[in-house]
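Read the structure below first, then the notes.
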Amino acid sequence: MPVARTATAGADSTSLAILVRLRNNGVYVALALLVLFNLFFTTNFATAGTILGLLSQATFVLLVALGLTLVIGTGGIDLSVGAIMAIASAVIPLYLGYTWPVAVLVALIFCVLAGMLNGFLVAYVGMQPIVATLALFVGGRGFAQVLVNGQLQTISDPGFLALWRATVFGVPMPVVIAAVVAVLVGLLVGRTTFGRYVLAVGGNRTASYLSGHPVRIVLVAVYAISGLLAGLAGTLATARLAAGDPATIGLLIELDAIAAVVIGGTPLSGGRMNVGGTVAGAILMLVISATFVMNNINPIYAQMLKAAIIVLAVYIQQGRRES
Amino acid sequence: MATATGTTVERDTLRRERIFGAIQRRGALAVLIAIVVVAGLTLGLFLTPRNIEDILLHASFIGLISVGMTFVIITGGIDLSVGSLVALGGVLAGFSAVAAWPLGLLVPTLACGVYGFVNGLLIAKAKLPAFIVTLAGLLGIRGLALVLSGTVTIPILGPPAFVWFGRGEIFGLDVPIVIMFLAFAIGAVVLNRTRYGEAVFAVGGSEEAARLAGVQVDRVKIVAYTTSGALAGFAGALVAAWLSAGQPTVGQAWELYAIASVVLGGTLLTGGAGTMLGSLVGVLLFYTIQNVINQVGTLTSYTQQLVTGIFLIVVVAAQTYLTRQRTY
């Protein structure tokens, strides 16, 4: 009798283990299923051109979401990433006269400063992240448009446009850049003291401070990184459009990016980060839209499906927290 | 000696706390009065009845949303779905107003109220984070509004009784303005004079304590989100009546402006503290600044965004600084 009971318990724990693993990797499963579906049912999906094109499209949300993963890991949020993309887009044309690397560098510096402002308000002034970054959400795009006087600035510099158009061994440049950044962020989170600090701050800010961690510096750095990556996304978006257009670049991207992070398994409460999940989440968001578009279904339905997936993902994650 | 010094210090601290508390609660009001006085003295057209009414009319729609948002934020939550609910409300009004004018108001209010109820259920019963649940609403409901309308604007040519709610006048005041003031008045009474209002503060202060004290926490939250949704739908119907059209694209980022207004008014995002009057002042402040920038004339609409953003930082930073507890 006791043996039988143990056997049942064993079977239970095996199925439980499978269930838990499924929960932890839900985003990969969902992505794999959706890609499989497309391979079989969507015409022209299974071509290198389509897939590389999709990955290129995903780089904006992906870059922004990688920065947000760190911010959300500290228990914060950054609503200003779209506005920061607009700032990058406005600054680049202004400095293209000094060769394009200078222009990109200046734009990224602007974006890092914007991120540091967020971090300063959160870490030193003690504002809540949602309000601190809401201010830049409102004002940042205005600032970007003031810089260029509300005009769209077309860009023809071939070196700059190559940021979007060039390929490395057949892989589009934006995909290469995003992949490198994803690996770097993954290493930063998994292999460095800084990554540990981010988790500690997100887990319990006071305990982290009492352990002697440089809490405020970590917070400023995290928001600065978020600004930097948003700036990079803005740079790529500008190169794609061949124009600086602060009115539209990055509009509402913060919502997709937050959703990608959350679906990827990084909880909004902080103290946990899942960089691989974020990558999969960002790609998943795009593949959902692409699936609808390529099958001639109104993409608005994709938006509604995304909404349902977000709630479902968080619901499943919550089960994980309790178990 | 020691005690005497002690009491002096204590009294000083008390006085400082009282002053800071007053600034936190009434800071937005003080700034609003200052701006009105300065603008009234320097800009010829600012204090004309036409201009004041213009400010109030533009503030009225987000004002309505802010009433619901104030309840939600005081419970310690947030509602990001209201901007999209305004669009959905407008589209529904476009469909239903043709049948009979009361339906044009009722259908959007009820439908969006039901959605707010679902938000509340997911947040209170399933214990999902409010930010995520309502973010999903923001995306999904906008999609629903676009699908229902076929992404085109639905013209509302009648009935006149429905259009009156957007364009008519009561005692010389535009109807939406009167409705906004009514909503704030009712909201203030509910928040300060009823047991429900007391429960809202209790839940926001400490959910656990409220539960132990016998407050039905889940119900309080669900009612707050339902109210927020219903008011957003109602605001959508008014916007549709005002524009004579149900536009599926209207209301973008309104949730953020409503949150900003509520925060400007001194309601803390951490929950447990806030006033309805503060939110009214916050909304008026938001639109008065925009109006002043318009009046100055040399400033463009994007400068207006920039100034609003800077302003938000300054006011909230001051509030945070004055009221903060020791954090690291």
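Values in this text are rule-based calculations from the coordinates and carry no lab data. Note that the structure is predicted; figures quoted are calculated from it, not measured. Methodologically, a virtual Cβ is constructed for each residue, glycine included, from the backbone with ideal geometry; neighbour enumeration extends over all protein chains shown.
Here is how the number arises for chain A: DSSP H runs of 4 or more residues each give -39500 (n - 2.57), the sum is divided by the residue count, and the result at 222 nm is -25500 deg cm²/dmol. Once the Cα atoms are used to define both axes, helix A:193-203 deviates from the longest principal axis of chain A by about 70 degrees. Compactness of segment A:37-149, taken as the C-alpha radius of gyration over 2.2 N^0.38 Å, stands at 1.34.
Among A:THR43, A:LEU31, A:THR235, which residue has its Cα furthest toward the positive end of the charge dipole of chain A, with +1 on Lys/Arg Cβ and -1 on Asp/Glu Cβ? Among A:THR43, A:LEU31, A:THR235, the one farthest towards the positive end of the dipole of chain A is A:LEU31.
Annotation note: chymotrypsin sites (Phe, Trp or Tyr not before Pro) in segment B:120-201 located in DSSP loop regions with a Cβ neighbour count of at most 12 within 10 Å are B:PHE171. Under a model in which nothing but the beta-carbon of Lys, Arg (+1) and Asp, Glu (-1) is charged, the protein assembly as shown shows a dipole of about 1240 debye around its Cα centre. The Cα trace of chain B gives Rg and Dmax of 21.0, 81 Å, the first to one decimal, the second as a whole number. Going by neighbour counts of Cβ atoms within 10 Å, the residues A:LEU210, B:LEU243, A:LEU94, A:LEU134 line up, fewest first, as A:LEU210, A:LEU94, B:LEU243, A:LEU134. Rg ratio for segment A:17-79: its Cα radius of gyration over 2.2 N^0.38 Å, N being its residue count, equals 1.47.
Dipole magnitude for segment A:2-322: computed about the Cα centre from +1 point charges on Lys and Arg Cβ and -1 point charges on Asp and Glu Cβ, it is near 660 debye. Could you please state, rounded to a whole Å, how far the C-alpha centre of segment A:121-141 is from the C-alpha centre of segment A:205-247? Result: 13 Å between the Cα centres. Reported value for segment B:147-193: 123 Å³ per residue, from the convex hull of its C-alpha atoms.
For segment A:2-322, the residue among A:THR248, A:GLN318, A:GLN128 whose Cα projects farthest onto the positive side of the dipole built from Cβ charges is A:GLN318. In straight Cα distance, which lysines are under 23 Å from B:LYS221, not counting same-chain residues fewer than 8 positions off? Cross-link targets: B:LYS125, B:LYS127. In the protein assembly as shown, the ratio of gyration radius to Kirkwood radius, Rg to Rh, stands at 0.98 when only Cα atoms are counted.
Spatially, segment B:193-238 and segment A:56-89 are offset by 33 Å when compared through their Cα centroids.
In whole Å, what is the distance between the alpha-carbon centres of segment A:252-280 and segment B:267-288? Each part's Cα centre sits 30 Å from the other's. Under the convention that each Lys and Arg Cβ holds +1 and each Asp and Glu Cβ holds -1, the size of the dipole of segment B:160-262 around its Cα centre is about 180 debye.
Local charge for B:ALA202 was computed over the other residues whose Cβ lies under 12 Å away, with Lys and Arg +1 and Asp and Glu -1, and equals 0.
Each principal axis of the Cα atoms in segment A:176-323 has its own extent, and those three values, largest first, are 56, 42, 26 angstrom.
The Cα atoms of segment A:209-254 cover 49, 17, 11 Å along the three principal axes, with the biggest extent listed first.
Measuring nothing but alpha carbons in chain A and taking Rh as the Kirkwood radius, the Rg to Rh ratio lands at 1.02. Listed by chain and number, the aspartates and glutamates placed with their C-alpha closer than 12 angstrom to that of A:LYS306 are A:ASP256; residues fewer than eight positions away on the same chain are left out. For chain A, the relative contact order comes to 32 percent (Cα pairs under 8 Å, sequence separation of at least 6). Springs join every pair of Cα atoms under 10 Å in this Gaussian network model of chain A, and among A:ARG205, A:ARG196, A:ARG21 the largest mean-square fluctuation is at A:ARG21. Can you tell me the 0 to 90 degree angle between the C-alpha axis of helix B:217-243 and the longest principal axis of chain B, rounded to 10? Compared with the principal axis, the helix lies near 50 degrees. Each of B:GLY166, A:LEU268, A:GLN151 was placed along the dipole of the protein assembly as shown (beta-carbon charges, centred on the mean Cα), and the one lying farthest toward the positive end is A:LEU268. Equivalent ellipsoid of segment B:198-290: semi-axes from √(5λ) of the C-alpha gyration tensor, largest first, are 29, 18, 9 Å.
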